[in-house]
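Chemist: Here you go, one structure.
The values are calculated or read from the model by the stated rules, or taken from the named source; none is laboratory data. Please read these numbers as outputs of a predicted model, since none were measured by experiment. When we count neighbours, we look across all protein chains shown, and the Cβ atoms used for this are built from the backbone with ideal geometry, even at glycine. Only protein heavy atoms, including side chains, enter the accessible area calculation; ligands, DNA and RNA are left aside. Shrake-Rupley method; radii C 1.70, N 1.55, O 1.52, S 1.80 Å.
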Amino acid sequence: MKARFIDLTNALLVSALLVFGCNAQQAPRPEFEVASIKHTVIDSNQFGQLAMSGRIKVGAQIHGSTAEYTFMTLRQLVTEAYQVMPFQIVCPDWFMMDRFDIVAKMPAGTRTEDARLMLRSLLEDRFKLTLHREPREELVAALVVGQRGPRLKESPSRAPANSGDSAGEGPGQNGQATVTKKQASPFGGMMGNVAVSFTVNEPTSSVRFDAKWITMTDLARFLMNFGAGGSRPVVDMTGIKGEYDIVLDIPLSMFGLNASDAGSASTENAQSSRPPEYASDPGTGTVVRSLRIYGLDLRNSRAPVEHLVIDHAEKRPTEN
């Protein structure tokens with residue numbers, strides 16, 4: 001049972017590992033004072049256990065003047081730097097293979113949100129990254145506001161990063177969802193700026209996804225990784241700003257898993273296997289019923305979507 005749960009959490013965590021953020025800003029090019037780029041030291045076979053124990057925090061993390069990007073592929077780093085979703089990156093396959101750990105120092109007096117622009121400069125300098133923007137019209141699953149309007153609960157203010165309180169407190173640490181005897185213990189933590197926890201409920205073949213400080217853009221990214229759009233990208237069309245507390249019930253089938261074979265399912269299958277009903281109609285399934293509680297919905301649509309087409313990049317970064 002323990003081994004099966006560990007494998008399941010690996011699948012869920014890797015499926016949920018994505019890049020977060022707000023709209024890209026137009027500003028003069030800021031740079032990190034110094035940055036270290038290394039191939040990740042995290043053993044992918046132990047990734048799930050390390051994440052559950054809280055010994056690692058994957059993704060983008062900003063602590064005062066230190067910016068860390070942990071266990072991230074080059075595509076994920078580009079996604080973070082340019083503030084787009086993964087499906088918008090047109091890149092070689094190797095962009096999704098090697099993973100890197102980056103630790104960088106931000107200049108005094110800079111804002112937290114400037115870290116993304118500094119990361120952009122870092123990728124351009126150290127990976128020799130060049131790209132161009134290209135709009136492409138395609139079918140999408142649009143995250144929209146329902147007919148009766150949104151019913152969202154705004155998240156409380158975050159604790160200051162240099163205070164004694166943990167800015168990462170939330171569903172993934174303290175304040176976790178209540179767990180019954182028939183549920184596994186919740187696990188999670190900070191993913192970018194979002195505090196998340198997952199609680200696997202094998203009797204109902206579902207996962208409770210509890211998020212705090214989540215934007216609608218972030219929510220669209222999670223939904224896409226959960227397979228809510230099937231083969232279509234999930235795009236935020238709500239027009240809603242701010243950060244909110246949201247709880248969703250997600251069928252294990254959306255990860256390509258079920259309660260009986262969760263232990264043997266691979267991460268690859270969890271990401272690639274999509275039930276056909278989600279591909280044909282994103283407005284079905286438990287996850288959408290959960291969205292409608294908050295006055296949100298998923299609808300099939302067609303929209304021009306900007307893509308970043310990678311023109312050139314080096315596989316190995318240059319020295320600092």
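Chemist: Show 218, 93, 101 ordered by accessible area, largest first, where the area counts protein heavy atoms only and the probe is 1.4 Å.
Modeler: So, going from the largest accessible area down, we get 93, 101, 218.
Chemist: Points 7 angstrom from Cα along the Cβ direction at residue 41 and residue 311: gap in nanometres?
Modeler: The answer from the label model is 3.7 nm.
Chemist: Would you please give the FRET efficiency between residue 113 and residue 147, computed as 1/(1 + (r/R0)^6) with r the Cβ-Cβ distance and R0 = 30 Å, to the nearest 0.05?
Modeler: Rounded to the nearest 0.05, the efficiency is 0.30.
Chemist: I've got another one for you. I'd like the Karplus ³J(HN,Hα) series for the stretch 64-69: coefficients 6.51, -1.76, 1.60, θ = phi - 60°, whole numbers in Hz, and an x wherever there's a Gly or Pro.
Modeler: Running phi through 6.51 cos²θ - 1.76 cosθ + 1.60 with θ = phi - 60° gives x, 9, 10, 10, 10, 10 Hz.
Chemist: Related question: Could you give the length gained on full extension between residue 49 and residue 90, defined as 0.36 nm per residue of separation minus the Cα-Cα distance, in nm?
Modeler: So the extension gain works out to 11.6 nm.
Chemist: Same structure again: Quick query: amide H of residue 215 versus all other amide H atoms, modeled in the peptide plane; which residues come in under 5 Å with a sequence gap of 5 or more or a different chain?
Modeler: Under 5 Å from the amide H of residue 215: 244.
Chemist: Shifting gears a bit: Anything over 32 Å Cα to Cα? Flag those among 128/153; 38/241; 57/241; 128/241; 153/315, in the order listed.
Modeler: On the way: 128/153 43 Å; 38/241 35 Å; 57/241 26 Å; 128/241 34 Å; 153/315 43 Å.
Check vs 32 Å cut-off fails for 128/153; 38/241; 128/241; 153/315.
Chemist: With a 1.4 Å probe and all protein chains kept in place, how much accessible area does residue 116 have, in Å² rounded to the nearest 10?
Modeler: The accessible area of residue 116 comes to roughly 40 Å².
Chemist: Can you list residues whose amide H is under 5 Å from residue 305's amide H, if they're 5+ apart or on another chain and H is modeled 1.01 Å from N?
Modeler: Residues meeting the amide H criterion: 136, 137, 138.
Chemist: Right, next: Residues with amide H under 5 Å of residue 192's amide H, sequence separation 5 or more or different chain, H placed in the peptide plane at 1.01 Å from N; which?
Modeler: 60
Chemist: Once you have the Cα-Cα distance between residue 136 and residue 34, take 0.36 nm times their residue separation minus that, and quote the gain in nm to one decimal.
Modeler: Full extension from residue 136 to residue 34 adds 33.1 nm.
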